[in-house]
Amino acid sequence: MGYLSTDKKKITTKTFAEMKQAAEKVTMLTAYDYTTAGIIDSAGIDSILIGDSASNVMAGNADTLPITVDQMIYHARSVVRAVNHALVICDMPFGSYQVSREEALRNACRMMKESGVDALKLEGGVEIVDTISGLIAAGIPVCGHLGLTPQSIHKFGGYGLRAKEEAEAAKLVSDAKALDEVGCFAIVLEKVPAAIASEVARQVKAVTIGIGAGSGCDGQVLVYADALGMTSGFKPKFLRHFAQVGQCMAAGVEEYVKCVKEGSFPGEAESY
Ligand code: KIV
């Protein structure tokens with residue numbers, strides 16, 4: 001139960017499909033902890049992603065590769081405890097689904113059982129379709145992730161735009177169709193040209209969620225700390241700051257330090 005409660009009905013993967021049918025945009029933000037997830041859920045978001053970007057945002061790592069299944073479960077459980085309304089999706093971290101179909105299913109079952117999330121997200125196209133079909137056969141809803149897939153950062157050699165060239169764009173479209181056919185309920189499209197993302201959105205039943213993929217996707221996702229202005233020095237073209245939470249927190253901390261130093265906090269009303 002979130003500490004800011006909401007009466008809205010719980011969103012499911014079925015609701016996602018209905019939203020695509022009705023051409024209603026799907027909103028998604030990341031969250032990794034109870035307090036933040038409660039605020040985001042109460043504000044009316046449709047979906048919360050416990051992204052493996054927790055590796056960067058929460059732990060300060062340079063990329064998403066170090067985060068483990070145990071750490072993702074810890075973050076996911078904290079988020080699930082706060083959410084009443086949003087569909088909660090959790091990333092399977094690097095190394096947890098690439099070794100074999102069996103190991104992927106074992107890790108996926110553990111993540112569902114121990115975290116209580118509604119669905120899992122995996123990065124990759126045709127190469128992991130067999131793995132995804134195993135998860136879906138076990139009753140686990142799967143969200144795909146194509147384009148810039150940060151778990152493959154060492155293969156790409158950077159965080160630049162993907163699918164610029166014709167061959168990569170064609171592979172992206174066929175990967176998306178393969179994920180759609182195997183039954184993914186949604187597909188994240190990261191940092192790809194808007195025209196390619198729109199084409200994918202038109203061609204698949206799955207709900208396409210863009211990040212740096214233009215307005216033609218069925219929905220949008222951002223890392224909450226980026227969207228709310230908490231990560232200074234990170235401002236790619238696709239990002240908009242919807243608030244200045246970092247500045248607001250810094251001002252609050254400065255005020256607290258000032259009040260303690262000058263002896264005005266705690267005052268009489270704040271003492272027993
Ligand atoms: O890990 C993450 O936050 C993500 C989003 C950027 C889509 O995968």
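The values are calculated or read from the model by the stated rules, or taken from the named source; none is laboratory data. As the structure is a prediction and not an experimental result, all values here were calculated from the model. Ideal geometry is used to build each Cβ from the backbone, glycine not excepted, and the neighbour counts take in all protein chains shown. Each accessible area value is taken on the protein alone, full model and side chains, heavy atoms only, with ligands, DNA and RNA left out. Shrake-Rupley method; radii C 1.70, N 1.55, O 1.52, S 1.80 Å.
One line per residue, one yes/no per condition, for (1) more than 21 Å from the chain's Cα centre (by Cα); (2) within 12 Å of the ligand (Cβ to nearest atom):
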| position | (1), (2) |
| --- | --- |
| Cys109 | no, no |
| Gly116 | no, no |
| Lys121 | no, yes |
| Val129 | no, no |
| Ala138 | yes, no |
| Val142 | no, no |
| Gln151 | no, yes |
| Lys171 | yes, no |
| Ser174 | yes, no |
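Suppose we keep only residues that are part of a loop (DSSP other than H, G, I, E, B) and touching a residue at least 24 places away in the same chain (Cβ under 8 Å) within segment 220-235. Which one would you say is farthest from the chain's Cα centre (by Cα)?
Filtering segment 220-235 for residues part of a loop (DSSP other than H, G, I, E, B) gives 223, 228-235.
Then drop every residue that is not touching a residue at least 24 places away in the same chain (Cβ under 8 Å), which leaves 223, 231.
Details: Val223: 7, Thr231: 16 Å.
So, considering only residues that are part of a loop (DSSP other than H, G, I, E, B) and touching a residue at least 24 places away in the same chain (Cβ under 8 Å), the one farthest from the chain's Cα centre (by Cα) is Thr231.
Would it be correct to say that Leu161 is touching a residue at least 24 places away in the same chain (Cβ under 8 Å), within 16 Å of the ligand (Cβ to nearest atom) and outside any strand (DSSP E or B)? Explain how you work it out, then say what you get.
Details: touching a residue at least 24 places away in the same chain (Cβ under 8 Å): yes; within 16 Å of the ligand (Cβ to nearest atom): yes; outside any strand (DSSP E or B): yes.
It is true that Leu161 is touching a residue at least 24 places away in the same chain (Cβ under 8 Å), within 16 Å of the ligand (Cβ to nearest atom) and outside any strand (DSSP E or B).
Name the residues in segment 56-75 that are within 14 Å of the ligand (Cβ to nearest atom) and in contact with a strand residue (DSSP E or B) (Cβ under 9 Å, 6 or more places away or on another chain), would you?
Answer for segment 56-75, where residues must be within 14 Å of the ligand (Cβ to nearest atom) and in contact with a strand residue (DSSP E or B) (Cβ under 9 Å, 6 or more places away or on another chain): Val57, Thr64, Ile67, Met72, His75.
A quick yes/no check of all residues on (1) out of contact with any Cys (no Cβ under 8 Å at 6 or more places or on another chain); (2) open to solvent by 30 Å² or more (accessible area, probe 1.4 Å); (3) in a strand (DSSP E or B):
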| site | (1), (2), (3) |
| --- | --- |
| Ile132 | no, no, no |
| Gln151 | yes, no, no |
| Ala167 | yes, yes, no |
| Lys171 | yes, yes, no |
| Leu179 | yes, no, no |
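Of all residues in segment 181-190 being without any contact (Cβ under 8 Å) to a residue 60 or more places away in the chain and closer than 18 Å to Val26 by Cα, which is most open to solvent (accessible area, probe 1.4 Å)?
Going through segment 181-190, the residues without any contact (Cβ under 8 Å) to a residue 60 or more places away in the chain turn out to be 181-184, 187, 189-190.
Applying the additional criterion that residues be closer than 18 Å to Val26 by Cα yields 184, 187, 189-190.
Working: Cys184: 6, Ile187: 0, Leu189: 0, Glu190: 30 Å².
If we take residues in segment 181-190 being without any contact (Cβ under 8 Å) to a residue 60 or more places away in the chain and closer than 18 Å to Val26 by Cα, then Glu190 is most open to solvent (accessible area, probe 1.4 Å).
If Gly214 meets every condition in (1) away from the ligand (no atom under 16 Å from the Cβ); (2) small (Gly, Ala, Ser); (3) part of a loop (DSSP other than H, G, I, E, B); (4) touching a residue at least 12 places away in the same chain (Cβ under 8 Å) apart from one, which number is that one?
Every condition holds for Gly214 apart from (1).
So which of Asp46, Asp52, Asp41 is touching a helix residue (DSSP H, G or I) at 6+ places or on another chain (Cβ under 9 Å) and closer than 20 Å to Glu123 by Cα? Spell out how you get there, then give the answer.
Details: Asp46 fails: closer than 20 Å to Glu123 by Cα; Asp41 fails: closer than 20 Å to Glu123 by Cα.
On inspection, the qualifying residue turns out to be Asp52.
Considering only residues that are closer than 24 Å to Phe156 by Cα and not polar (S, T, N, Q), which ones fall in segment 106-141?
First pass over segment 106-141, keeping only residues closer than 24 Å to Phe156 by Cα: 120-132.
Result: Leu120, Lys121, Leu122, Glu123, Gly124, Gly125, Val126, Glu127, Ile128, Val129, Asp130, Ile132.
Any residue at all in segment 162-172 that is under 25 Å from Tyr34 (Cβ atoms) and of a type outside the set (Val, Ile, Thr)? Steps first, please.
Taking segment 162-172 as the starting set, the residues that turn out to be under 25 Å from Tyr34 (Cβ atoms) are none.
Within segment 162-172, not a single residue is under 25 Å from Tyr34 (Cβ atoms) and of a type outside the set (Val, Ile, Thr).
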